[in-house]
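Here's the structure we're looking at; comments come further down.
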Amino acid sequence: MPSSQPIGVFDSGYGGLTVLKSIVEKLPGYDFIYLGDNARAPYGNRSFETVYQYTRESVQWFFSKGCPLVILACNTSSAKALRTIQQQDLASSGTSNRVLGVIRPTTEIAGLLSKTGSVGILATSGTVNSESYTLEIKKFFPEVRVFQQACPLWVPLIENNEHLNPGADYFVQKYVDELLEQSSEIDTVLLACTHYPLLMDKLKKYFPRGIQLVAQGDIVAESLQKYLAHHPEMDARCSKGHQLTFYTTDDNIDFDRHAGYFYGSAVRSERVFL
Ligand code: DGL
């Protein structure tokens, strides 16, 4: 049995580091393990079955490392795999370990953020096609209108560190315009992909001033803090030794080179084979 019981934070690659950063700021005393499945990223265009299989393997790995709680800090995994993992895998195994995603915390408050009742979603094709955001927002706020825009080229631009170059502007503006063409009422836009906060400056340039752009990191961190307060039995199981460990399924030197952009400070990772 591993000696520490860290909270696991998972992403298909680097993007979840933007969420981890907010979580560590909010809950600095806890132990965390981050896993980026870089060897099999991106997940954004993959089928339900594939995303489910990859995510499930990663969750099992976190459990083998002693994590009682895993956060899927990847919208695509949260959209395509979380429900089956929660309702099928966890339920049938009888484990008291838990897996949470990033869509629920965001959709729970989406309707409160918008004054016009029209919310835009920017996400990967997989997340958009799953309709998870539309369905979840409708559950909490039936009157809210949701407009989605897939942005399939943004993750590759960011992963290749081309997003700040002038050439990236064409594709940033293209998807922004395509979202805004769907409705002139949109006043709130959710960045429903972990990578997109890195585009924040460019997005501000192409969205009109009155539209608020919402990144998920702080929302997810706050929701996790509330979850632990409401579940003292889980909180007691999460170890609090200020340990932060990074793993990747691909080359760790390469991971460390890129990860700093997302995490905001230097990262030293280890390679793992799932
Ligand atoms: N992390 C994924 C998400 O939030 C984006 C990257 C990918 O496509 O794997 O949807």
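The values are calculated or read from the model by the stated rules, or taken from the named source; none is laboratory data. Fair warning: this is a prediction, and the values are worked out from it, not measured in the lab. Note: ideal-geometry Cβ built from the backbone for every residue, glycine included; neighbour counts use all protein chains shown. In case anyone asks, the SASA skips ligands and DNA or RNA and just uses the protein heavy atoms, side chains included. Shrake-Rupley method; radii C 1.70, N 1.55, O 1.52, S 1.80 Å.
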> Using the heavy atoms of the protein chains alone and a 1.4 angstrom probe, what is the accessible area of region 1-91 per residue in square angstrom?
Replying inline: 34
> Given H placed on each backbone N at 1.01 Å, which residues far from L244 in sequence or on other chains put an amide H within less than 5 Å of it?
Replying inline: F32
>> Using only the alpha-carbon atoms, what does the chain span along each of its principal axes? Please give whole angstrom values in decreasing order.
In response: 55, 41, 34
> What does the charge count near N252 come to, summing +1 for each Lys or Arg and -1 for each Asp or Glu among other residues with Cβ under 9 Å from its Cβ?
Replying inline: -3
> How far apart, in nm, are the 7 Å Cα→Cβ label points at S93 and S4?
Replying inline: 2.1
> In a GNM of the chain with a 10 Å cut-off on Cα contacts, which of L82, L199, L69 has the highest mean-square fluctuation?
Replying inline: L199
>> Looking at the chain as a GNM with Cα springs under 10 Å, which of N160, N252, N38 has the largest mean-square fluctuation?
In response: N160
>> Give me the base-10 log of I(q)/I(0) for region 1-112 at each q in 0.14, 0.18, 0.22 Å⁻¹, Debye formula, one uniform scatterer per Cα, rounded to two decimals.
In response: -0.54, -0.90, -1.30
> Once both labels are modelled 7 Å past Cα along the beta-carbon direction, what's the E222-T50 spacing in nm?
Replying inline: 3.6
> At q = 0.14 Å⁻¹, what is the log10 ratio I(q)/I(0) for region 49-174, with the Debye formula run over Cα points and no solvent?
Replying inline: -0.74
> Calculated FRET efficiency, Q243 and L113, Cβ-Cβ r, R0 41 Å, to nearest 0.05?
Replying inline: 0.75
> Which values, in whole Å and largest first, are the semi-axes of the equivalent ellipsoid of region 118-274 obtained as the square root of 5 times each eigenvalue of the Cα gyration tensor?
Replying inline: 30, 24, 13
> List the aspartates and glutamates whose alpha-carbon lies under 13 Å from that of K138, not counting same-chain residues fewer than 8 positions away?
Replying inline: E108
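Counting only helical runs of four or more DSSP H residues, what would the 222 nm mean residue ellipticity of the chain come to if each run contributes -39,500 (n - 2.57) and the total is spread over all its residues?
On the way: 12 runs with 117 residues, N = 274.
Result for the chain: -12500 deg cm²/dmol, rounded to the nearest 500.
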> Taking the simple approach of a point 7 Å from Cα along Cα-to-Cβ for both K138 and A266, what is their distance in nm?
Replying inline: 5.0
